[in-house]
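Working notes, structure below.
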Amino acid sequence: MIDEIADLVQAHSQWLKDKTVIKNIPESEWVEITTPYLDRHNDQLQILIRKSEGNFELTDGGYILADLELSGCSFESKKRHALLHSTLNAFGVRNDNGVFSVVATKGNFPLKKHCLVQAMLSVNDLFIAAAPTVASLFSEDVKRWLDENEIRYTNDLSLQGKSGLTHRFEFIIPHSREQPERVIQLMNRPSRQGAIGAIFRWIDTKDSREQNAQGITFLNDEETKVKSSFVTTLQQYSLTPIIWSKRADFLNYLKA
């Protein structure tokens, strides 16, 4: 069995060697390496390498982040920067103004090259699903904030509306002597379509809740500025908008 596995490992090494193409870039100190690994466009990933002070500098040339940004994946938020930083750190890869790079010696060149390629693939895969990833992080942030401020709640409930449809609500704060039940939705990226959905879910559901139950929508403004007209629209349909950066203003209301 071990001999068979050894043959498979050798076959993989040979495949990697056969599918790797190396060529000089004219009038440049860089050499281009085309690897057999595919990006999200099914194109082979390419890295650049040059001699640098007796070592070797390897880089993606800025390809990965530039390609994601062209596809509408912004890296302006702190969350995405943190995700990017932690992913690259796991592979020992630097990010210099959007360019991924590593420095290798002759002794560790195979490992460093492997780490750079894997970092490129990981960042690419990570941010293809950036919207749901950040949405999940926003939900965790809200939950953490509620816990830190000792706000009681039940989370992740599915409620049936008048239409017969079932709607998911992230949090519900039960009624107290001071306040009625508060049903909370989260909107990670405020948009017209998102507002319509939030309004429909609340209108469809509120009559089945306790008398005077109130609807709340947390709006994530870390990536997208929330327009005043957007806030007004939610208010017109009896939804209380809580902009994430101003959440402290509603602390007493939520704790009551």
Farthest positive-ward along the chain dipole, Cα basis, beta-carbon charges - from 83, 218, 13: 218
Relative contact order for the chain: what percent, with Cα pairs under 8 Å and sequence separation of 6 or more? 11 percent
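How high is the FRET efficiency between residue 246 and residue 122 when r is their beta carbon distance and R₀ equals 35 Å, given to the nearest 0.05?
Numbers: r = 35 Å, r/R0 = 0.99.
Efficiency at R0 = 35 Å is approximately 0.50.
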Taking Cα atoms, the helix 2-18 axis meets the longest principal axis of the chain at an angle in degrees (rounded to 10) of 80 degrees
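Would you mind calculating the gained length between residue 155 and residue 38 on full extension (0.36 nm times residue separation, minus the Cα-Cα distance), in nm to one decimal?
Working: separation 117, 0.36 × 117 = 42.12 nm, distance 3.97 nm.
So the extension gain works out to 38.1 nm.
By its C-alpha gyration tensor, with a ≥ b ≥ c as the square roots of the eigenvalues, how is the stretch 133-255 shaped: rounded for a/c under 1.5, else prolate for a/b larger than b/c, else oblate? Write down the numbers at each step before the final one.
Values: a/c = 1.40, a/b = 1.07, b/c = 1.30.
Verdict is rounded for the stretch 133-255.
In nm, what is the difference between 0.36 nm times the number of residues separating residue 105 and residue 136 and their Cα-Cα distance? Walk me through the numbers before you get to the answer.
Details: separation 31, 0.36 × 31 = 11.16 nm, distance 3.98 nm.
Full-extension gain reported as 7.2 nm.
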If you average the C-alpha positions of the stretch 203-256 and of the stretch 153-186 separately, how far apart do those two centres end up, in angstrom? 13 Å
Given a Förster distance of 30 Å, the FRET efficiency implied by the Cβ-Cβ spacing of residue 67 and residue 94, rounded to the nearest 0.05, works out to 0.95
How far apart, in nm, are two points set 7 Å out from the Cα along the Cα-to-Cβ line at residue 221 and at residue 15? 5.2 nm
How large is the charge dipole for the stretch 1-79, taken about the Cα centre, if only the Cβ atoms of Lys, Arg (+1) and Asp, Glu (-1) carry charge, to the nearest 20 debye? 140 debye
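In debye to the nearest 20, how big a dipole does the chain give about its Cα centre with +1 on each Lys and Arg Cβ and -1 on each Asp and Glu Cβ?
Working: 30 positive and 33 negative charges, 160 e Å.
Roughly 760 debye, rounded to the nearest 20.
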Between exposed trypsin sites (Lys or Arg not before Pro) in the chain, where DSSP calls loop and at most 15 other Cβ atoms lie within 10 Å, what's the longest gap? 41-105
What relative contact order, as a whole-number percentage, does the stretch 2-128 give when Cα pairs under 8 Å and 6 or more residues apart are counted? 20 percent
Between residue 255 and residue 30, what is 0.36 nm times their sequence separation minus the Cα-Cα distance? Round to one decimal in nm. 75.0 nm
Can you find, among 41, 122, 149, the residue sitting farthest towards the positive end of the charge dipole of the chain, where Lys and Arg contribute +1 and Asp and Glu -1 at Cβ? 149
Unit charges on C-beta of K, R, D, E only; dipole of the stretch 33-101, Debye: 220 debye
Using a Förster distance of 30 Å, how high is the FRET efficiency between residue 166 and residue 232, based on the Cβ-Cβ distance and rounded to 0.05? 0.55
DSSP-assigned coil residues among GluC sites (Glu not before Pro) in the stretch 35-99, each with at most 11 further Cβ atoms within 10 Å: 53, 76
Counting Lys and Arg as +1 and Asp and Glu as -1, what is the net charge of the other residues whose Cβ lies under 13 Å from the Cβ of residue 88? 0
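FYI, it's all coordinate maths here, none of it is from the lab. The structure presented is a predicted model; accordingly, all values stated were derived computationally and were not measured. No Cβ is skipped: glycine too gets one built from the backbone with ideal geometry, and neighbour counts run over all protein chains shown.
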